[in-house]
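S.K.: My structure is below; once you've seen it, I'll send some questions.
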Amino acid sequence: DQQVKQNSPSLSVQEGRISILNCDYTNSMFDYFLWYKKYPAEGPTFLISISSIKDKNEDGRFTVFLNKSAKHLSLHIVPSQPGDSAVYFCAASGGGSQGNLIFGKGTKLSVKP
Amino acid sequence: ETGVTQTPRHLVMGMTNKKSLKCEQHLGHNAMYWYKQSAKKPLELMFVYNFKEQTENNSVPSRFSPECPNSSHLFLHLHTLQPEDSALYLCASSRPGLSSYEQYFGPGTRLTVT
């Protein structure tokens, strides 16, 4: 059973608007969460992370929100740009296995000009 | 360019062949990882090496054999693979300990087993 779920395989957003990508997890031992971005023919690149002791982390246009009680995190991109079009992976770690990341299946974001 | 290179980028092999995938990182990291990404599935962790020692083997079949001769190089030796092993194989590296969450990935090797 998947411990990290990204239930939307794809998302289409107009340039300049907000993109919201969602991720749910089942393991309450997870204490660190990350978002990775992947372009075709490239490996995933680290985007932003959040520790379970926080509920928000912001880096420029990217903000990650964590709701521990709901076991839910989201990535907000505002304003969205065409160059943000990529596959976004949510990942989680914890429970004593440092560095062992559990990934979701990814959400393909398309930002239309 | 993330500082992690993988060769070859594409590989087609028969089920009786033996081949190896290579990964090299130029970031001074001490932890290295192999992941498998199959179609419509999440990335799956296969192996973890910390300071050249294997610290994780995620129930991977023995037809996949990793080797880490030093902290900068990681190999995945393949033999008698099955068609269902066709996937994108990604290598990653990180600093050990608490910084190990932020992993830097190579571009991957697209493997097709015929």
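Readers should treat all values here as calculations from the given coordinates under stated rules, not as data from a laboratory. What you see is a predicted model; the values in this text were computed from it and never measured. Glycine gets a Cβ as well: all are built from the backbone with ideal geometry, and neighbour counts include every protein chain shown.
S.K.: Can you divide the C-alpha Rg of chain B by 2.2 N^0.38 Å and report the result to two decimal places?
M.R.: Values: Rg = 13.2 Å, N = 114, 2.2 N^0.38 = 13.3 Å.
Rounded to two decimals, the normalised Rg is 0.99.
S.K.: Now a separate question. Under a 5 Å amide H to amide H cut-off, with H placed in plane at 1.01 Å, what residues pair with B:Thr80 once short-range neighbours are removed?
M.R.: Result for B:Thr80 returns B:Asn17.
S.K.: Moving on. Would you work out which of A:Ala92, A:Pro40, A:Gly16 lies farthest towards the positive end of the dipole of chain A? Charges go on Cβ: Lys and Arg +1, Asp and Glu -1.
M.R.: The one lying farthest along the dipole's positive direction is A:Gly16.
S.K.: Same structure again: What ranking do B:Phe105, A:Phe62 get, fewest neighbouring Cβ atoms within 10 angstrom at the top?
M.R.: Values: B:Phe105 24, A:Phe62 17.
Arranged by neighbour count, lowest to highest, B:Phe105, A:Phe62 become A:Phe62, B:Phe105.
S.K.: For a quick check: with amide H placed at 1.01 Å from N, whose amide H comes under 5 Å from A:Glu15's, ignoring anything fewer than 5 positions away on the same chain?
M.R.: Amide H to amide H, under 5 Å and 5 or more residues apart or across chains, A:Glu15 pairs with A:Lys112.
S.K.: Would you work out the charge dipole size for chain A about its Cα centre, treating the Cβ of every Lys and Arg as +1 and the Cβ of every Asp and Glu as -1, and quote it to the nearest 20 debye? Mind dumping the intermediate values first?
M.R.: Numbers: 12 positive and 9 negative charges, 36 e Å.
I would put it at about 180 debye.
S.K.: Using +1 on the beta carbon of Lys and Arg, -1 on that of Asp and Glu, and nothing else charged, what's the dipole of the protein assembly as shown about the Cα centre, debye to 20? Mind showing how you got there, number by number?
M.R.: On the way: 23 positive and 18 negative charges, 90 e Å.
Computed about the Cα centre, the dipole is about 440 debye.
S.K.: Please average, across the residues of A:43-55, the number of beta carbons from any other chain that are within 10 Å of each residue's own beta carbon, and give a whole number. Display every interim value, and only then the final one.
M.R.: Numbers: counts 16, 11, 4, 8, 0, 0, 2, 0, 2, 0, 0, 0, 0.
Across the residues of A:43-55, the mean count of other-chain Cβ atoms within 10 Å is 3.
S.K.: Quick one: which residues, 5+ away or cross-chain, put their amide H under 5 Å from the amide H of B:Glu56? H built at 1.01 Å from N.
M.R.: For B:Glu56, the qualifying residues are B:Val48.
S.K.: Now a separate question. What list of ³J(HN,Hα) couplings, whole Hz, do you get for the stretch A:11-27 from phi and the Karplus terms 6.51, -1.76, 1.60, once you set θ to phi - 60° and write x for glycine and proline?
M.R.: Whole-Hz 3J(HN,Hα) from phi for the stretch A:11-27: 8, 10, 9, 7, 3, x, 8, 8, 9, 10, 10, 10, 8, 10, 9, 10, 8.
S.K.: Right, here's the next one. Nearest 20 debye, what's the magnitude of the dipole of the stretch B:25-79 about its Cα centre given +1 on Lys and Arg Cβ and -1 on Asp and Glu Cβ?
M.R.: Numbers: 5 positive and 4 negative charges, 52 e Å.
Around 240 debye, computed over the stretch B:25-79.
S.K.: Calculate, axis by axis, the spread of Cα positions in the stretch B:20-64 along the three principal axes, and write the results as whole Å, longest axis first.
M.R.: Projected onto its principal axes, the Cα set of the stretch B:20-64 covers 33, 20, 20 Å.
S.K.: Would you kindly derive the ³J(HN,Hα) couplings of the stretch A:67-73 from the backbone phi angles with the Karplus curve 6.51 cos²θ - 1.76 cosθ + 1.60 (θ = phi - 60°), listing them in order in whole Hz, with x for Gly and Pro?
M.R.: Along the stretch A:67-73, the couplings run 10, 5, 5, 8, 6, 9, 9 Hz.
S.K.: Between A:Gly43, A:Gly94, A:Gly60, where does the largest GNM mean-square fluctuation fall for chain A, given springs only between Cα atoms within less than 10 Å?
M.R.: Fluctuation is largest for A:Gly60.
S.K.: Only Cα pairs within less than 10 Å get springs; with that Gaussian network setup on chain A, which residue of A:Asp31, A:Asp59, A:Asp84 has the largest fluctuation?
M.R.: Comparing A:Asp31, A:Asp59, A:Asp84 in the GNM, the peak value goes to A:Asp59.
S.K.: Using Cβ counts within 10 Å as a stand-in for footprinting exposure, how do B:Met46, B:Met13 rank, fewest first? It would help to have the intermediate numbers written out before the result.
M.R.: Working: B:Met46 20, B:Met13 17.
Arranged by neighbour count, lowest to highest, B:Met46, B:Met13 become B:Met13, B:Met46.
S.K.: Take A:Ser8 and B:Thr7, extend 7 Å from each Cα along the Cα→Cβ direction, and tell me the distance between the two endpoints in nm.
M.R.: So the two model labels end up 4.2 nm from each other.
S.K.: Taking neighbour Cβ counts within 10 Å as the exposure measure, how do B:Cys68, B:Cys23 sort from fewest upward? Write out the running numbers ahead of the final one.
M.R.: Working: B:Cys68 20, B:Cys23 27.
Final ranking by Cβ density, sparse to dense: B:Cys68, B:Cys23.
S.K.: Once you measure Cβ to Cβ distances between cysteines in chain B, which Cys have no partner under 4.7 Å?
M.R.: B:Cys68
S.K.: Given a Förster distance of 25 Å, report the FRET efficiency between A:Ser28 and A:Lys108 from their Cβ-Cβ distance, rounded to the nearest 0.05.
M.R.: Values: r = 29 Å, r/R0 = 1.14.
Efficiency, rounded to the nearest 0.05: 0.30.
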